[in-house]
Amino acid sequence: FHKVLRLKPSYEMEFNARLNMAKNAANATGKKVVDPELALKRMLRDSKNEEYKDQIYFALAEIKLKSGNKEEGILALQQSLNYSNSNTQRAEGCLMLAQLFYEKDDFVKSYAYYDSTVMVMDKNDDRYATTDMYKRRLEGVATNMAIYTDKDSMRIVGSWERKEQERWAVKGMEAD
């Protein structure tokens, strides 16, 4: 990748070389010449990389997840989706998030990301059938959990005194 940079390639090729250098540095063992996270964060600040932010955040997420930092990895994946213009990139990010939330037993979020994945994933993708199966299986669970949460909230509010309920209702109407 260093040789590519010395050849003064087009900016897209230079970007991909730098992105892959950061990814390789993250996978390297021993002393690292470049801090991959720092390199990626520097790339995020460069205005020339505005259209590539989805890929940079995705690479950052992969590094965070590989190092065991799931929470920061999830945040980076969500940032990747915020900047994503490509259905392929969006499908990869949504699928990773769906799987991560499934592992955390957060089935409502997992369902939402599986649903988003199915919407943008190419139907010829080998993972499509499995992804759609997870989406369909989680749909009922997610719906029931949302109903349970809603009813649980109603029970809590129902246990309050009348004046407290009225204050809560007024505050809710003012927020709308």
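Assorted remarks:
- The single condition among (1) in contact (Cβ under 8 Å) with a residue 24 or more places away in the chain; (2) open to solvent by 50 Å² or more (accessible area, probe 1.4 Å); (3) assigned to a helix (DSSP H, G or I) that Q99 does not satisfy is (1).
- Residue check for L138: open to solvent by less than 60 Å² (accessible area, probe 1.4 Å), closer than 30 Å to K41 by Cα, out of contact with any strand residue (DSSP E or B) (no Cβ under 8 Å at 6 or more places or on another chain) and not polar (S, T, N, Q): no
- Residues in region 42-53 that are open to solvent by 10 Å² or more (accessible area, probe 1.4 Å) and in contact (Cβ under 8 Å) with a residue 24 or more places away in the chain: M43, K48, E51, Y52, K53.
- M145 vs. criteria surrounded by 13 or more Cβ atoms within 10 Å (Cβ to Cβ) and either modelled with pLDDT under 85 or polar (S, T, N, Q) (or both): yes
- Lone unmet requirement of (1) in contact with a helix residue (DSSP H, G or I) (Cβ under 8 Å, 6 or more places away or on another chain); (2) open to solvent by 50 Å² or more (accessible area, probe 1.4 Å); (3) over 22 Å from E139 (Cα atoms); (4) outside any helix (DSSP H, G or I) for G68: (1)
- Only residues that are touching a helix residue (DSSP H, G or I) at 6+ places or on another chain (Cβ under 9 Å) and either open to solvent by less than 40 Å² (accessible area, probe 1.4 Å) or in a helix (DSSP H, G or I) (or both) were counted in region 113-132, giving 12.
- Candidates S110, S153, S159 - the one that is open to solvent by 80 Å² or more (accessible area, probe 1.4 Å) and small (G, A, S): S159
- Contact map, region 9-21: first residue closer than 15 Å to Y57 by Cβ, second residue not small (G, A, S), Cβ cut-off under 6 Å, separation 6 or more or different chains; pairs are F15/Y52.
- Unique residue being part of a loop (DSSP other than H, G, I, E, B) and either touching a helix residue (DSSP H, G or I) at 6+ places or on another chain (Cβ under 7 Å) or among the charged types (D, E, K, R) (or both) when the list is K41, K8, K109, K53: K8
- M13 vs. criteria out of contact with any Asp or Glu (no Cβ under 8 Å at 6 or more places or on another chain), open to solvent by 90 Å² or more (accessible area, probe 1.4 Å), modelled with pLDDT of 80 or more and assigned to a helix (DSSP H, G or I): yes
The values are calculated or read from the model by the stated rules, or taken from the named source; none is laboratory data. For clarity, every value in this text was computed on a predicted model and none was experimentally measured. Because the Cβ atoms are built from the backbone with ideal geometry, glycine has one as well, and the counts that use them run over all protein chains shown. Side chains are part of the model used for accessible areas, which takes the heavy atoms of the whole protein and leaves out ligands, DNA and RNA. Shrake-Rupley method; radii C 1.70, N 1.55, O 1.52, S 1.80 Å.
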